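Report on the structure given below.
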Amino acid sequence: MAYIAAIDQGTTSSRCIVFDQAGGIVSVAQREHRQIFPKPGWVEHDASEIWTNVQAVVRDALSHASLSLGDIAAFGITNQRETTVVWDKATGEPVHNAIVWQDTRTDALIRQLGDQDRFRERSGLPLATYFSGPKLRWLLDNVEGLRARAERGEVLFGTMDTWLIWNLTGRHVTDVTNASRTMLMNLETLDWDQELVDAMDVPHEMLPEIRSSSEVYGTYEGVPVASALGDQQAALFGQTCFEPGEGKCTYGTGAFLLINTGDQPVHSQNGLLTTVGYKIGDEPAAYALEGAVAVTGALVQWFRDKIGLISSAAEIETLARTVDDNGGAYFVPAFSGLFAPHWRSDARGVIAGLTGYISRGHLARAVLEASAWQTREVVDAMNADSGVDLTTLRVDGGMTANNLLMQFLSDVLDVPVVRPIVAETTCLGAAYAAGLAVGYWSGTEELKANWHKAAEWEPSMEPAARARGYRKWKKAVERTVGWMDEDDD
Amino acid sequence: MPGPIQSIQRAAEVLKLLAHGGAHQLSVGEIARALDLAKPTVHGILRTLQEVGFVEQEVEGGKYRLGAALFQIGTSYLDGNELRAKALNWSDTLAMRAREAVRIGVMHGKHVLVVHHVFRPDNSRQTLDTGALLPWNATALGKALVAFGDNWPDGDLQAFTRHTLDPEQLHADMNVVRDRDWAYDLHELVEGEASVAAPIRDRRGVVVGAIGISGPVERLCDSPDLPPRLELVSYVREAARSVSRELGGLSW
């Protein structure tokens, strides 16, 4: 019996999950890597450490299930998006730590590049520190001699998919979903856009070849490496959202709502991103609208690690259930500005509505509720852009284990919230795309048949309470913007 | 018999003080004032407690709070939400393999508290019953929990069907459960339904929960008066082992 192994190179850890043909999990292995914070707002990873960890989790996942490489039909890759690494083509050594998607060091560069919507038409993205292109530009400007070496073709650029595929197979390629997050790719041609590349002042020589999300890029120890998808696109694929109008929201460090818009890119009027959903081999690409929320699970982690009122992320629910409501407190976690639909890099977090009555239980509630209200904002934007109201929200990710949050989410959206039977949709999506490429699965219909509902939460909140809560949330959001000044670091 | 040891009494006072208010943090001076002790005495106690992990400081020279080691040895209690988070992947996989609804339970007084529920994977209409209480004596989950638990929950045992076991049969069944390391119920809670469950163990080998499936006897059993099929039992036990591994209760 053969299996598919998905490698999930995430923000805090690398994992390998082995799936069987029914999409069931056979084995899991995980290793965390260091988060490097050289300055406030800067976040880096050691790409070499990540590669070492990826090799280790592949080994561990196989040995946990007593499997050998011969049992694996293909590897699939999914990865934290936008995180940028440049390495020496000859030695394979990174020239600098990878700059992580959350990193805001390119703030000044972004302002200097001009109007926020300058590249939106071509790239689908607003100018923001989030994307890879500006991070690459920062490296070229700040690592001594790097630009000259890039022009001589001595160094290579990649997002984490590219870094892994290069190490696994020796090829310098990226997939179209990851490329769509660089701000250097043209959404229509699905190739590097000369105007964008010139505007960002990036040498063309260092860019990888853009390929589909589902094809054999090469082999690792004789096993085909057959898919790459950015983590959110992989979750869309894993939730089998193959029809226009189908979408999902994944709750991890941040939250990401993606809706399949079919074979044409839809440009947002409401602060959403236009991105590539996936591309299977030679088939036309499927596009997606994306509502990205920077901080959801990360707020719970912050509450655990920096505030110390809980010792594990799951305990937030226990603490939150010690009270019946938020006591009037609202927590807007604009730790590195606000993402969709606001896109305000000058915002910083606030806890609004504090009174002497507020206890730690109320704060725990406010922490959880922040994820739900932020989702409400992007769902509203999605409804406005598409002209069709969402009727059910498909969710996945680790936070779906939190029943209180899922119920509250259903309450504030006023639609049922549904979790599929494999919560690990990110890995599942990468496995599905790889399996399709090597013929392990026959097609998307077979994959859809694997999708089953594992849990459902129905709305039960009074409309008046919902309206009042949303009004307060919006007032709290207003209080975050404009916090940063020109002379702040 | 020697008398009470003063330094242990004082250490206990310090721990009680820190425990008062949960994640409360106190400085050496604050503790000394509260307990009416000399600062060097308190400092010495805290240093020793810190070495064994019973108290900790966020930063060197900062305030003290209760340490992680204290929670680990404290009780066999495991946060139900934590258990659900750790069990998510394996309960999903169990539901897919067995094609039945999955529940994870923990003892809550005299009842089994459902901390996690995965729907039967047939996309039929089902309602989440996380938070519901089940009788222990007529469910596989309850029997798996009590068989490996510290005590027999007191109170009269309700009979739900003519198949619900009487106390004598139940005691005998418990010995079998302990031998086999899994439990089942057949028509004992609801006529025509069966369930299978196996214990989940933490790193100390203590049973902290149970995971199981339930459904109509026609699907779970080869015949209405036979125990559930061994194939299903093996899926349940495998899931229990995987969750136990996740909790550090078993090595790979």
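The values are calculated or read from the model by the stated rules, or taken from the named source; none is laboratory data. Just so it is clear, the structure is predicted and the values come from calculations on it, not from any experiment. Because the Cβ atoms are built from the backbone with ideal geometry, glycine has one as well, and the counts that use them run over all protein chains shown.
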Take the range A:289-338 and flag every residue that is in contact with an Asp or Glu (Cβ under 7 Å, 6 or more places away or on another chain), in a loop (DSSP other than H, G, I, E, B) and more than 9 Å from chain B (Cβ to nearest Cβ).
A:ASN326
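The rows are residues; the columns are (1) polar (S, T, N, Q); (2) in contact with a Lys or Arg (Cβ under 6 Å, 6 or more places away or on another chain).
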residue	(1), (2)
A:GLN194	yes, no
A:GLU205	no, no
A:PRO208	no, no
A:SER213	yes, yes
A:GLU221	no, no
A:PRO224	no, no
How many residues does the range A:410-449 hold that are surrounded by fewer than 21 Cβ atoms within 10 Å (Cβ to Cβ), within 14 Å of chain B (Cβ to nearest Cβ) and aliphatic (A, V, I, L, M)?
1
Test for A:PHE339: is it of a type outside the set (Asp, Glu), surrounded by fewer than 24 Cβ atoms within 10 Å (Cβ to Cβ) and out of contact with any helix residue (DSSP H, G or I) (no Cβ under 6 Å at 6 or more places or on another chain):
no
Only one of (1) more than 23 Å from the chain's Cα centre (by Cα); (2) charged (D, E, K, R); (3) more than 11 Å from chain A (Cβ to nearest Cβ) does not apply to B:ASP122, and that is (3)
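Any chance the range A:386-397 includes a residue that's within 11 Å of another protein chain (Cβ to nearest Cβ), surrounded by fewer than 21 Cβ atoms within 10 Å (Cβ to Cβ), closer than 20 Å to B:ARG125 by Cβ and modelled with pLDDT under 95?
Taking the range A:386-397 as the starting set, the residues that turn out to be within 11 Å of another protein chain (Cβ to nearest Cβ) are A:396-397.
Now restrict to residues that are surrounded by fewer than 21 Cβ atoms within 10 Å (Cβ to Cβ): none.
Within the range A:386-397, not a single residue is within 11 Å of another protein chain (Cβ to nearest Cβ), surrounded by fewer than 21 Cβ atoms within 10 Å (Cβ to Cβ), closer than 20 Å to B:ARG125 by Cβ and modelled with pLDDT under 95.
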Can you name the number of the only condition in (1) without any contact (Cβ under 8 Å) to a residue 40 or more places away in the chain; (2) farther than 30 Å from A:LEU139 by Cα that A:THR250 fails?
(1)
Say we look at the range B:1-57 and pick out the residues that are modelled with pLDDT under 85 and either part of a helix (DSSP H, G or I) or farther than 25 Å from A:GLU315 by Cα (or both); which of these is nearest to the chain's Cα centre (by Cα)?
B:ALA19
Could you please find all residues in the range A:182-206 being touching a strand residue (DSSP E or B) at 6+ places or on another chain (Cβ under 8 Å) and more than 16 Å from A:LEU136 (Cβ to Cβ)?
A:ASN186, A:LEU187, A:LEU190, A:ASP191
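Just to verify a result, which residue in the range A:29-72, among those that are within 11 Å of another protein chain (Cβ to nearest Cβ) and without any contact (Cβ under 8 Å) to a residue 40 or more places away in the chain, is farthest from A:TRP138 (Cα to Cα)? I'd like the intermediate steps shown before the answer.
Going residue by residue through the range A:29-72, those that are within 11 Å of another protein chain (Cβ to nearest Cβ) are A:29-30, A:60-61, A:63-66.
Okay, now just the ones that are also without any contact (Cβ under 8 Å) to a residue 40 or more places away in the chain, so A:29-30, A:63-64, A:66.
Numbers: A:ALA29: 34, A:GLN30: 31, A:SER63: 41, A:HIS64: 41, A:SER66: 45 Å.
Here the answer is A:SER66.
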Is there a residue being within 21 Å of B:ALA147 (Cα to Cα) and either in contact with a His (Cβ under 6 Å, 6 or more places away or on another chain) or surrounded by fewer than 22 Cβ atoms within 10 Å (Cβ to Cβ) (or both) anywhere in the range B:214-226?
no
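For a quick check of your reading: which helices (runs of 4 or more DSSP H) sit entirely within the range A:153-204 and have at least 2 residues that are within 22 Å of the chain's Cα centre (by Cα)?
Output list reads A:160-169, A:176-179.
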